[in-house]
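Asker: Sending over a structure as structure tokens; questions will come in a sec.
The values are calculated or read from the model by the stated rules, or taken from the named source; none is laboratory data. The structure presented is a predicted model; accordingly, all values stated were derived computationally and were not measured. Heads up, the Cβs are rebuilt from the backbone with ideal geometry, glycines too, and the neighbour counts pull from every protein chain shown. Ligands, DNA and RNA are stripped out before the accessible areas are found, and what is left, the full protein with its side chains, is counted by its heavy atoms. Shrake-Rupley method; radii C 1.70, N 1.55, O 1.52, S 1.80 Å.
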Amino acid sequence: MAGQPLSRREHEVLTRAAAGKTVEETASELYLAIDTIKGYRRRVIAKLRANNISHAVAIGFQEGLLP
């Protein structure tokens with residue numbers, strides 16, 4: 001993997017980003033605050049050493065983290 005392993009929640013957030021879900025949609029689906037989702041996205045980006053969430057999704061597919 002490009003960086004550290006993702007937590008279960010980070011993986012859920014990455015999966016929803018890959019499905020085109022917005023921060024607001026993801027927060028609603030997971031019953032979490034928008035700022036919490038933004039924090040998870042920041043950690044996913046950092047752990048995958050990506051430039052942004054779109055890049056993180058691409059890395060997720062390349063690394064086999066996403067179906």
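Asker: I'm trying to understand the selection: among the residues of region 1-15, which are part of a loop (DSSP other than H, G, I, E, B) and open to solvent by less than 70 Å² (accessible area, probe 1.4 Å)?
Answerer: First, pick out the residues of region 1-15 that are part of a loop (DSSP other than H, G, I, E, B): 1-7.
Of everything in region 1-15, those that are part of a loop (DSSP other than H, G, I, E, B) and open to solvent by less than 70 Å² (accessible area, probe 1.4 Å) turn out to be 2, 3, 6, 7.
Asker: Scan region 1-34 for residues that are of a type in the set (S, T, N, Q) and within 17 Å of residue 63 (Cα to Cα) and jot them down.
Answerer: If the condition is that a residue be of a type in the set (S, T, N, Q) and within 17 Å of residue 63 (Cα to Cα), then 4, 7, 15 are the ones that fit.
Asker: Another question, if that's okay. Taking the condition at pLDDT 95 or above and touching a Gly at 6+ places or on another chain (Cβ under 9 Å), does residue 55 pass?
Answerer: no
Asker: Then there's this: Can you tell me how many residues in region 16-36 are in contact with a helix residue (DSSP H, G or I) (Cβ under 8 Å, 6 or more places away or on another chain) and either assigned to a helix (DSSP H, G or I) or touching a residue at least 40 places away in the same chain (Cβ under 8 Å) (or both)?
Answerer: Of the residues in region 16-36, 12 are in contact with a helix residue (DSSP H, G or I) (Cβ under 8 Å, 6 or more places away or on another chain) and either assigned to a helix (DSSP H, G or I) or touching a residue at least 40 places away in the same chain (Cβ under 8 Å) (or both).
Asker: Could you grab me the full set of residues in region 10-41 that are charged (D, E, K, R) and more than 8 Å from the chain's Cα centre (by Cα)? Walk me through how you get there before you give the answer.
Answerer: Going residue by residue through region 10-41, those that are charged (D, E, K, R) are 10, 12, 16, 21, 24-25, 29, 35, 38, 41.
Answer for region 10-41, where residues must be charged (D, E, K, R) and more than 8 Å from the chain's Cα centre (by Cα): 21, 24, 25, 29, 35, 38.
Asker: Just for region 39-56: of the residues that are outside any helix (DSSP H, G or I) and of a type in the set (S, T, N, Q), which one is nearest to residue 20 (Cα to Cα)?
Answerer: So, considering only residues that are outside any helix (DSSP H, G or I) and of a type in the set (S, T, N, Q), the one nearest to residue 20 (Cα to Cα) is 52.
Asker: Which of the residues that make up region 17-67 are among the charged types (D, E, K, R) and surrounded by fewer than 20 Cβ atoms within 10 Å (Cβ to Cβ)?
Answerer: Across region 17-67, the qualifying residues are 21, 24, 25, 29, 35, 38, 42, 43, 47, 49, 63.
Asker: Listed residues 33, 27, 17; which is of a type in the set (Gly, Ala, Ser) and within 19 Å of residue 67 (Cβ to Cβ)?
Answerer: It is 17.
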